[in-house]
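Chemist: Structure provided below as structure tokens; questions to follow.
The values are calculated or read from the model by the stated rules, or taken from the named source; none is laboratory data. Model, not experiment: these values are computed from the prediction. Please note: Cβ atoms are built from the backbone with ideal geometry, for glycine as well, and neighbour counts cover all protein chains shown.
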Amino acid sequence: MAKSSVTRISSVASELPSSPSLADVNCCIQGTCLSKASMLGLFSSVEIGFDIRVDEPTRSWVKRCTLKDVAKLHETLNEKIVDESFREELSLLACPKQPLFKRRDMMVIKGLCVDLDHYIDELLKLCQRFTAAKAKHENESMIVESSLREFLAAPI
């Protein structure tokens, strides 16, 4: 009985598509949406959602995220990676921040889209360069790749 279950697991694993290299991933901001986040007294808080188009050689999808999600990814990479050159380059990337005022203004949202698109593009390039040098930092490159893949994961 145990032998058949082992065979089943290995056959299922062979059916899973192999994920392409991080070097084959491209991203861009495709759109935005506004949603009510929470009620603060008389005023409702507005949260801006960004649709990130993720392209791999065999498939593509759209991932919705907020600026809080992006800041969390930035913070996670900064905390988990010890390599000084990676941390220095990461600190040079300006992580977009939620504006305090005029969150519903079209030009403010457009500016955030441009900033976020630039940030995601530069972060992806940094992570691609870092993971390409696996021999030097194999454990950390796996952390970078898994964190980025988790952030860009296709919706279920």
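Chemist: Is it the case that some residue within the range 139-155 is among the small types (Gly, Ala, Ser), at pLDDT below 90, farther than 16 Å from Leu22 by Cβ and not in a helix (DSSP H, G or I)?
Modeler: no
Chemist: Is it true that some residue in the range 101-124 is in contact with a helix residue (DSSP H, G or I) (Cβ under 6 Å, 6 or more places away or on another chain), surrounded by 13 or more Cβ atoms within 10 Å (Cβ to Cβ) and part of a helix (DSSP H, G or I)?
Modeler: Among the residues of the range 101-124, not one is in contact with a helix residue (DSSP H, G or I) (Cβ under 6 Å, 6 or more places away or on another chain), surrounded by 13 or more Cβ atoms within 10 Å (Cβ to Cβ) and part of a helix (DSSP H, G or I), which makes the answer no.
Chemist: Report every pair of residues separated by at least 6 positions or lying on different chains whose Cβ atoms are under 8 Å apart, first residue within the range 82-104 and without any contact (Cβ under 8 Å) to a residue 12 or more places away in the chain and over 29 Å from Ser45 (Cβ atoms), second in a loop (DSSP other than H, G, I, E, B) and aliphatic (A, V, I, L, M).
Modeler: Once the first residue is without any contact (Cβ under 8 Å) to a residue 12 or more places away in the chain and over 29 Å from Ser45 (Cβ atoms) and sits in the range 82-104, its partners that are in a loop (DSSP other than H, G, I, E, B) and aliphatic (A, V, I, L, M) give Arg87/Ile81.
Chemist: Of all the residues that make up the range 60-88, how many are surrounded by fewer than 17 Cβ atoms within 10 Å (Cβ to Cβ) and in a helix (DSSP H, G or I)? Before the answer, list the steps.
Modeler: Step one: of the range 60-88, the residues surrounded by fewer than 17 Cβ atoms within 10 Å (Cβ to Cβ) are 60-62, 64, 66, 68-69, 71-72, 75-76, 78-80, 82-85, 87-88.
Subset that is in a helix (DSSP H, G or I): 68-69, 71-72, 75-76, 78-80, 84-85, 87-88.
Of the residues in the range 60-88, 13 are surrounded by fewer than 17 Cβ atoms within 10 Å (Cβ to Cβ) and in a helix (DSSP H, G or I).
Chemist: Test Glu145 against the criterion of being in contact with a Leu (Cβ under 6 Å, 6 or more places away or on another chain) and either farther than 28 Å from Lys36 by Cα or surrounded by fewer than 16 Cβ atoms within 10 Å (Cβ to Cβ) (or both), and give yes or no.
Modeler: Considered against the rule, which asks whether it is in contact with a Leu (Cβ under 6 Å, 6 or more places away or on another chain) and either farther than 28 Å from Lys36 by Cα or surrounded by fewer than 16 Cβ atoms within 10 Å (Cβ to Cβ) (or both), Glu145 comes out as yes.
Chemist: Name the residues in the range 53-89 that are touching a strand residue (DSSP E or B) at 6+ places or on another chain (Cβ under 9 Å) and under 12 Å from Leu148 (Cβ atoms), would you?
Modeler: Val54, Lys63, Val70, Leu73
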